[in-house]
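> Sharing a structure here in structure tokens format.
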Amino acid sequence: MSSIEPIPVDSVIEARWVVPVEPHGVVLERQAVVVDGGRVRELLDIAAAQRRYAPRAVRVLDEHVLIPGLVNAHTHNPMTLMRGIADDLPLMTWLREHIWPAEARAMSAEFVHDGVELAIAEMLRGGTTCCNENYFFPDAQAATYRRHGFRALVGLPVIEFPSAWARTREEYFDKALAVHDEYRGDGLIGTAFAPHAPYTVGNESFERVRMLSDQLDVPVHVHVHETAQEVEDSRREHGVRPLARLQGLGLVNDHLIAVHMTQLDEHEIRLCAEAGVSVVHCPESNLKLASGFCPSEALRRAGVNVALGTDGCASNNDLDMFGEMRTAALLAKGVSGDASAFDAAFALRAATLNAAKALGWGERIGSIEPGKAADLAAVRLDALELLPVFNVISQLVYAGGRQHVSDVWIAGVPKLVDGALVDMDPAALRAKAREWGERLRG
């Protein structure tokens, strides 16, 4: 017998398969993930883990694949309370005639808190452990995410019209900096500047965003080239396409998280690759709003960091990252005419490590590696509709769904166990959602 005493650790998760994402496309069988202090300590064979460690808790997942928690790289999560409020409309009609008026009636810290809580529950049930948020009342967002132990990069909104959050340009920036200072160094919550879009933000504001982004080393999260009309309007009003305008203002760099990007030419794709821009592809929202097709495969081949996001529930209408992976993979094949485009392993990477990199958190989350946060999701692969299993990653992307997620951890803390939410009350969430439905309907 060995004289070496087993090492005490917080927990060990034993899984039939583990897809660490890094190395790319690798599937490991009968592996254990050792978790201690909220981080992955080691990934090793189950038998070796049983000899080496003395965990305080063990989770055995005999029919599951363990993956990094999914990272939703573009969301407007308070808008879960507007799910289905105005469907089957083009973007600007949808925004100007329905969404913005509804927001004017409902916008408050209470609305944001309740919408974020509903979104957290939906995301956890779908294996998502982190999101890149873009909405008003970032203070209420951050406090709600923090209270529920959910990881989030919270956008600090900048827009050229008054809202319930801020009335003037100065107030938007003053409040943004106050929220940034409050969560500086927080283990779960980060901040990014979130100027809404080139058509709602002026040059002076963009220049200040660029200066503060450089000074504070935080990302800039913005909708760009979402529609052909946006591009035409920019050419008429500014003499250049939106991305060129942002480049002239110094914003096209490795801090830029450019969302949608459905209208790109070859020069712009090369520019993004050379500048280190991250592009967030939201295929289902773009399809539903008929905004166009992001050239995701051309971006990938050019070396651009391509991530996936759902957009908000008012335009998607869900926060289902499994659906987004599948749609992104299928759409890229149709758009490029190449059946090998945006393959399953890349789709999973775009929803995990690439999304983490877009947020500036690639060294912290997005893959199952020693030293990274133990943000994990387990997916059962023994459902009738998932058998037999030939290729685990393909099964996740092309056949699996959020309904097959069984367990979720954030920083090693269980958030979903056997499909049941931990420390969240579904009945209370339902009641609040229905109440907001009546208030918005009225």
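The values are calculated or read from the model by the stated rules, or taken from the named source; none is laboratory data. Quick caveat: nothing in here was measured; it's all calculated off a predicted structure. When we count neighbours, we look across all protein chains shown, and the Cβ atoms used for this are built from the backbone with ideal geometry, even at glycine. Heavy atoms of the whole protein, side chains included, go into the accessibility calculation; ligands, DNA and RNA do not. Shrake-Rupley method; radii C 1.70, N 1.55, O 1.52, S 1.80 Å.
> How many residues does segment 125-164 hold that are open to solvent by less than 10 Å² (accessible area, probe 1.4 Å), over 16 Å from the mean Cα position of the chain (by Cα) and over 21 Å from Val280 (Cα atoms)?
Selection size over segment 125-164: 1.
> Going through Ser340, Ser315 one at a time, which residue ends up being open to solvent by 30 Å² or more (accessible area, probe 1.4 Å), among the hydroxyl-bearing types (Ser, Thr, Tyr) and part of a loop (DSSP other than H, G, I, E, B)?
Ser340
> Do you know which residues across segment 209-259 are in a helix (DSSP H, G or I), open to solvent by 40 Å² or more (accessible area, probe 1.4 Å) and either on the phi > 0 side of the Ramachandran plot or among the hydrophobic types (A, V, I, L, M, F, W, C) (or both)?
Across segment 209-259, the qualifying residues are Met211, Leu216, Ala228, Ala244.
> So, one more: Filter segment 277-312 down to the residues that are open to solvent by 10 Å² or more (accessible area, probe 1.4 Å), of a type in the set (A, V, I, L, M, F, W, C) and not in a loop (DSSP other than H, G, I, E, B) and list them by number.
Leu287, Ala298, Ala302 - these are the residues of segment 277-312 that are open to solvent by 10 Å² or more (accessible area, probe 1.4 Å), of a type in the set (A, V, I, L, M, F, W, C) and not in a loop (DSSP other than H, G, I, E, B).
> Follow-up. How many residues does segment 351-391 hold that are outside any loop (DSSP other than H, G, I, E, B) and under 29 Å from Gly37 (Cα atoms)?
12
> Within segment 66-81, identify whether any single residue is of a type in the set (Gly, Ala, Ser), in contact (Cβ under 8 Å) with a residue 60 or more places away in the chain, under 30 Å from Pro198 (Cα atoms) and assigned to a strand (DSSP E or B), and answer yes or no.
Yes; the residues of segment 66-81 include at least one that is of a type in the set (Gly, Ala, Ser), in contact (Cβ under 8 Å) with a residue 60 or more places away in the chain, under 30 Å from Pro198 (Cα atoms) and assigned to a strand (DSSP E or B).
> Suppose we filter Pro90, Pro23, Pro78 for residues that are under 26 Å from the mean Cα position of the chain (by Cα), surrounded by fewer than 16 Cβ atoms within 10 Å (Cβ to Cβ) and over 18 Å from Ala345 (Cβ atoms); which single one remains?
Answer to the check: Pro90.
> Here's a follow-up. Among the listed residues Ala374, Ala411, Ala399, identify the single one that is touching a residue at least 12 places away in the same chain (Cβ under 8 Å), within 20 Å of Leu61 (Cβ to Cβ) and open to solvent by less than 20 Å² (accessible area, probe 1.4 Å).
On inspection, the qualifying residue turns out to be Ala374.
> In addition: Within the set of pairs 6 or more residues apart or between chains, which connect a residue that is on the phi > 0 side of the Ramachandran plot inside segment 280-298 to a residue that is of a type in the set (S, T, N, Q) with Cβ atoms less than 8 Å apart?
Partner pairs satisfying both residue conditions: Gly292/Thr227; Gly292/Thr262; Gly292/Gln263; Gly292/Asn286.
> Suppose we filter Met92, Met82 for residues that are within 25 Å of Arg167 (Cβ to Cβ), of a type in the set (A, V, I, L, M) and touching a Gly at 6+ places or on another chain (Cβ under 9 Å); which single one remains?
Met82
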